[in-house]
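Data first, discussion second: the structure below is written as structure tokens.
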Amino acid sequence: RSQMPRLRLLALASLLAPCPADELPPAEAIEAWAHEQGLLSRSLRLSDSTETGVGVVAAADIPAGALLVRSPAPLCVTAARARADPGVGPLLLRAEATGPAVDDNVAMAAFLMRAVDVPPPELAPWIRALPASFDLPLTWSEPELLQLQASPARLRAEALRRWSRAEYARIFGAWSEPLDFEGSLSRWTWALSAVWSRSFMLGAVEGSWRVLAPVADLLNHASHVEGAGEAEQGSEQGLELGRSTPPAAKMELHARGDSPRHWHSAAGAAGAGGESYESLPLSDEALTLVATREVSAGEEVLLDYGPRSNAQLLNTHGFALPTTAQEPPAPSSELGERLDSPRVAG
């Protein structure tokens, strides 16, 4: 399963100046950083819950159309950025010289692998705050996988594990020149898990765009059990157990000098809540979250990641929705308890 945001914040607390851990609790430290960088409206705050971990909550009533989160293009991780990276681009080009185009998830995972050791200055706090591990089937032992029995989740897990190892061999196996970052299989598994559990797949007339957007990845999911299905689309975002609050925002891509373009995503939109609302400046290209309805102070901002089957949710976030008629029950074991416990989308 994906790690609780609380773990990210603990790692981040000692890294964010001017908010050292001995002065501010972890959630307040990252909140201060996001506010300082203009990524999070000052009418939003982070709230730490024992059931769901850290979430984004409105500190003021927020009107429909309000800009909630702004992730500037220079901070976003995309496949295009990975291809332009001097330490990653050549790896991808070599792989494509003898095979098909490299998948966006693969390119972004390779970028994260290098970013751990050679972090771009503007991304360093976010990179260092990523969880040290992800509890997904990709990392599970064979005995743990066996507890999934003959389920769609296990079949999907085995297929993804084979695909992951094949892609790792394709990217790194034939590369003989020295790397300036750790190129181990364990680092690869970690990076791919991060991409699966934290990125958004946005679709528009211009085509699809997979992106890792700092701060937007802190928002939890507004799950709707009735919406879970067997849609098989790319790499997935996840759903959270026990949620019924409807989403109340949309994603937009704002281009400098243009009106915002509306995007419909496999990771849908957000809900928010709120004193008097304080907006964010929008002066450059950025991925944004905009409220689609009026929301009240104290309401959590939630993202709708779209319909996902339990097989998808388990493999990309490490949890599943309550059992549906279309899917077998979760295993009654220690592993089952891990899957059934409340958790958030990372």
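No value in this document is a laboratory result; all are computed from the given coordinates. A quick note: this is a predicted structure, and the numbers were derived from the prediction, not measured. So basically every Cβ, Gly included, is an ideal-geometry build from the backbone, and we count neighbours across all protein chains shown.
Among Phe172, Phe200, which comes first, second and so on when ranked by fewest other beta-carbon atoms within 10 Å?
In increasing order of surrounding Cβ atoms, one gets Phe172, Phe200.
Rounded to whole Hz and in sequence order, give me ³J(HN,Hα) for the stretch 105-111 from the Karplus expression 6.51 cos²θ - 1.76 cosθ + 1.60, θ = phi - 60°, writing x for Gly and Pro.
Listing the rounded values in order: 4, 5, 4, 5, 5, 4, 4 Hz.
Sorted by packing (mean other beta-carbon atoms within 10 Å per residue), highest first, where do 291-303, 186-198, 143-155 land?
186-198, 291-303, 143-155
Sorted from fewest to most neighbouring beta carbons within 10 Å, what does the list Asp135, Asp180, Asp217 look like?
Least to most surrounded, the residues fall as Asp180, Asp135, Asp217.
Taking H as built 1.01 Å from N, whose amide H comes closer than 5 Å to the amide H of Leu40, not counting residues under 5 places away?
His35, Arg70
List the residues whose amide H sits under 5 Å from the amide H of Ser133, counting only those 5 or more places along or on another chain, with H placed 1.01 Å from N in the peptide plane.
none
Between beta-carbons, use under 14 Å as the cut-off and find the net charge around Arg81, counting Lys and Arg +1, Asp and Glu -1.
Cβ neighbours under 14 Å give a net charge of -1.
Output wanted: per-residue J couplings in Hz (rounded whole) for the stretch 154-171, from phi through Karplus 6.51 cos²θ - 1.76 cosθ + 1.60, θ = phi - 60°, x for Gly and Pro.
For the stretch 154-171, the Karplus-derived couplings read 5, 4, 5, 4, 5, 5, 5, 5, 5, 4, 4, 5, 5, 5, 4, 5, 5, 7 Hz, x marking Gly and Pro.
Skipping prolines and chain starts, which residues have an amide H placed within reach, meaning under 5 Å, of the one on Leu302, given they are 5 or more residues away or on another chain?
For Leu302, the qualifying residues are Ala248, Gly271, Ala272.
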